[in-house]
1. Of everything in segment 31-55 that's assigned to a helix (DSSP H, G or I) and of a type in the set (D, E, K, R), which residue is modelled with the lowest pLDDT?
2. Would you pick out the residues in segment 56-67 that are part of a helix (DSSP H, G or I) and of a type in the set (S, T, N, Q)?
3. Got a number for residues in segment 45-55 being surrounded by fewer than 18 Cβ atoms within 10 Å (Cβ to Cβ), among the hydrophobic types (A, V, I, L, M, F, W, C) and under 16 Å from the mean Cα position of the chain (by Cα)?
4. Going by the conditions given, is Phe58 within 12 Å of the chain's Cα centre (by Cα), at pLDDT 90 or above and surrounded by 12 or more Cβ atoms within 10 Å (Cβ to Cβ)?
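The values are calculated or read from the model by the stated rules, or taken from the named source; none is laboratory data. Here the structure is a predicted model, which is why all the values come from computation and not from measurement. As a convention, Cβ positions derive from the backbone with ideal geometry for all residues, glycine included, and neighbour counts pool all protein chains shown.
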Amino acid sequence: MTAERTHDDQARTIHVAVELGLPGLLQDGPWHWRAWEQLAHSVRTGEASFDVANGVSFWQLTQQNPQARELFNHAMGSVSLAEGRRPF
């Protein structure tokens, strides 16, 4: 068995988290969607779309914004819980 995770594995993890009602998907943050709106800019320039869209890096945002930090922490916890309940 390989240590690499496939896209299907990642999708199953998110699906389990949603089914279990685990909070904290990163897509809940408006800053997440603003970054996607700048995808073309990233492709053209190589700059991080998140930084361009939000004026700060993701890590700076989580330092400055308690709501973003809490959402990120919940998201990471949700993935860990979902992974722990997934059969190998």
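1. Here the residue is Arg34.
2. Scanning segment 56-67 gives Gln60, Thr62, Gln63, Gln64, Gln67.
3. 1
4. yes
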